[in-house]
Amino acid sequence: QGGNNAGHTVVVDGKEYDFHLFPSGIINPKAISFIGNGVVIHLPGLFEEAEKNEKKGLKDWEKRLIISDRAHIVFDFHQAVDGLQEVQRQAQEGKNIGTTKKGIGPTYSSKAARTGLRICDLLSDFDEFSSRFKNLAQQYKSMFPTLEIDIEGQLKKLKGYAEKIRPMVRDGVYFMYEALHGSPKKILVEGANAALLDIDFGTYPFVTSSNCTIGGVCTGLGVPPQHVGDVYGVVKAYTTRVGIGAFPTEQINEIGDLLQSRGHEWGVTTGRKRRCGWLDLVILKYAHMINGFTALALTKLDILDVLDEIKIGVAYKLGGKRIPYFPANQEILQKVEVEYETMPGWKTDTTGARKWDDLPPKAQNYIRCVENHVGVPVKWVGVGKSRESMIQLF
């Protein structure tokens, strides 16, 4: 789910790739990458991303990429509208959502309003597609009088993209069914965005427009629930957030600055500074309630190497009383008081660690503390950017 609003940085053999629409598995020459129906696709963005990564040595990606014919299309006017809506929110409410202006919200709005257009429409009767495209463009023009859309120019470009992607497009439901029932395969589903950005379970309204929790695997690919096997939660050793919205463990001080600079915390898509704070186990437990993690990957442990002491947020209090849930309402969430557990820092460089025993005992204690609170084992610990920097525990 999602679109090119999310970004994943992947480092392989010393090369750094930024993926937005491409599944990270596109690097693997033996893997087939599939963009599911839950993703909204900006076609110029897809080819721009391809070009950038080809320059870094990505080869033959078009032979390994399959696109669902049920995926919705992000048009350039969706992106323009996204920007206009943000300006409106800022003017009316004094705050915006902090979207990436990639057209994600407007496209999912079109999808929900049943006026959206999908990849299958683009590849079918182009005259029919054109008239629906014109209707949708008109709707947006009437809502946003300042919006300028070059309808004929857009359609000409879209026709070109249609021919470029035609060989990659398949019926996604049938494709996944065959993958699940044919010769045994390893299937890895990659989600974009985190649990707290989920449209239903995130810090609404400062969320994305899709379900980026586990339910998105079924709805975003057309996979029945019984096929979902292991569920891995990926969490940093501290907490970060891009854009505005409640953030109870945020550190607006030298700790926050240290995490931000040591962790190179910039949004991959927007280049915005990420806000940083102590690890929030209330959020992690909440994500576990929704997703049911089999195991966790705890990343960026090395960023904490220089700290004298480390705090972990273990509970929220309202009016001095612990609450057992994660508040839905933003105003209430702004008021919670965090209860912390303080642990001594290990003050040792962990970037060279390759197995559990290489980690200092105090770092091991930190990891065990997370496991005990959440009730989920940590299967991987990350101490750097490259694949070699992942310690596998079991």
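The values are calculated or read from the model by the stated rules, or taken from the named source; none is laboratory data. Note that the structure is a prediction, hence the values are computed from the model and not measured. Cβ atoms come from the backbone with ideal geometry, glycine included; neighbour counts cover every protein chain shown. Heavy atoms of the whole protein, side chains included, go into the accessibility calculation; ligands, DNA and RNA do not. Shrake-Rupley method; radii C 1.70, N 1.55, O 1.52, S 1.80 Å.
Miscellaneous remarks
- Taken over the range 250-276, the criterion of being over 19 Å from the mean Cα position of the chain (by Cα) and either of a type in the set (A, V, I, L, M) or open to solvent by 40 Å² or more (accessible area, probe 1.4 Å) (or both) is satisfied by 250, 252, 253, 254, 255, 257, 258, 259, 261, 262.
- Comparison of 14, 25, 83, 3 shows that the only residue that is open to solvent by less than 30 Å² (accessible area, probe 1.4 Å) and either hydrophobic (A, V, I, L, M, F, W, C) or over 23 Å from residue 148 (Cα atoms) (or both) is 3.
- Selection from the range 27-49 of residues that are aliphatic (A, V, I, L, M) and at pLDDT below 95: 27
- Looking across the range 104-142, the residues that are of a type in the set (A, V, I, L, M, F, W, C) and modelled with pLDDT of 95 or more come down to 112, 113, 117, 119, 120, 122, 123, 126, 129, 133, 136, 137.
- Taking each residue of the range 221-248 that is over 16 Å from residue 303 (Cα atoms) and without any contact (Cβ under 8 Å) to a residue 40 or more places away in the chain and looking for partners that are of a type in the set (D, E, K, R) and surrounded by 15 or more Cβ atoms within 10 Å (Cβ to Cβ) with beta-carbon atoms closer than 8 Å, six or more apart or interchain, yields 247/241; 247/275.
So that you can scan it fast, the table gives a plain yes or no per residue for (1) open to solvent by 10 Å² or more (accessible area, probe 1.4 Å); (2) under 19 Å from residue 156 (Cβ atoms); (3) in contact with an Asp or Glu (Cβ under 8 Å, 6 or more places away or on another chain):
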{"position": "34", "(1), (2), (3)": "yes, no, no"}
{"position": "44", "(1), (2), (3)": "yes, yes, yes"}
{"position": "47", "(1), (2), (3)": "yes, yes, no"}
{"position": "71", "(1), (2), (3)": "no, no, no"}
{"position": "77", "(1), (2), (3)": "no, yes, no"}
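- For the range 169-188, taking the residues that are buried (at least 18 other Cβ atoms within 10 Å of the Cβ) and aliphatic (A, V, I, L, M), the one that is nearest to residue 236 (Cα to Cα) is identified as 176.
- Check on residue 64, out of contact with any helix residue (DSSP H, G or I) (no Cβ under 6 Å at 6 or more places or on another chain), open to solvent by 70 Å² or more (accessible area, probe 1.4 Å) and within 19 Å of residue 165 (Cβ to Cβ): no
- The condition (being open to solvent by 20 Å² or more (accessible area, probe 1.4 Å), in contact with a helix residue (DSSP H, G or I) (Cβ under 8 Å, 6 or more places away or on another chain) and not hydroxyl-bearing (Ser, Thr, Tyr)) is satisfied by just one residue among 128, 152: 128.
- Scanning the range 158-175 for residues that are part of a helix (DSSP H, G or I), under 28 Å from the mean Cα position of the chain (by Cα) and touching a residue at least 12 places away in the same chain (Cβ under 8 Å) yields 158, 161, 162, 164, 165, 166, 167, 168, 172, 173, 175.
- Where a residue in the range 94-106 is open to solvent by less than 40 Å² (accessible area, probe 1.4 Å) and its partner, wherever it lies, is assigned to a loop (DSSP other than H, G, I, E, B) and of a type in the set (Gly, Ala, Ser), with Cβ under 6 Å and at least six apart: 98/243; 104/3; 104/209; 105/209
- Filtering 316, 325, 286 for residues that are in contact (Cβ under 8 Å) with a residue 40 or more places away in the chain and open to solvent by 20 Å² or more (accessible area, probe 1.4 Å) leaves a single hit, 286.
- Against the conditions (1) farther than 26 Å from residue 33 by Cβ; (2) at pLDDT 95 or above; (3) open to solvent by less than 30 Å² (accessible area, probe 1.4 Å), residue 162 satisfies every one except (1).
- Residue in the range 289-310 that is least open to solvent (accessible area, probe 1.4 Å), counting only those that are within 26 Å of the chain's Cα centre (by Cα) and more than 17 Å from residue 359 (Cβ to Cβ): 295
- Here residue 129 does not qualify as under 23 Å from the mean Cα position of the chain (by Cα) and not aliphatic (A, V, I, L, M).
- Checked against the criterion of being assigned to a helix (DSSP H, G or I), under 27 Å from the mean Cα position of the chain (by Cα) and buried (at least 17 other Cβ atoms within 10 Å of the Cβ), the range 374-383 contains one or more residues that satisfy it.
- Selection within the range 211-242 - open to solvent by 60 Å² or more (accessible area, probe 1.4 Å) and either within 27 Å of residue 100 (Cα to Cα) or assigned to a strand (DSSP E or B) (or both): 219, 232, 234
- Contact annotation: no residue pair with Cβ atoms under 7 Å, 6 or more positions apart or on different chains, pairs a residue in the range 72-83 that is at positive phi with a partner that is hydroxyl-bearing (Ser, Thr, Tyr) and modelled with pLDDT of 95 or more.
- In the range 104-136, residue nearest to residue 74 (Cα to Cα) [restricted to those that are among the charged types (D, E, K, R) and part of a helix (DSSP H, G or I)]: 111
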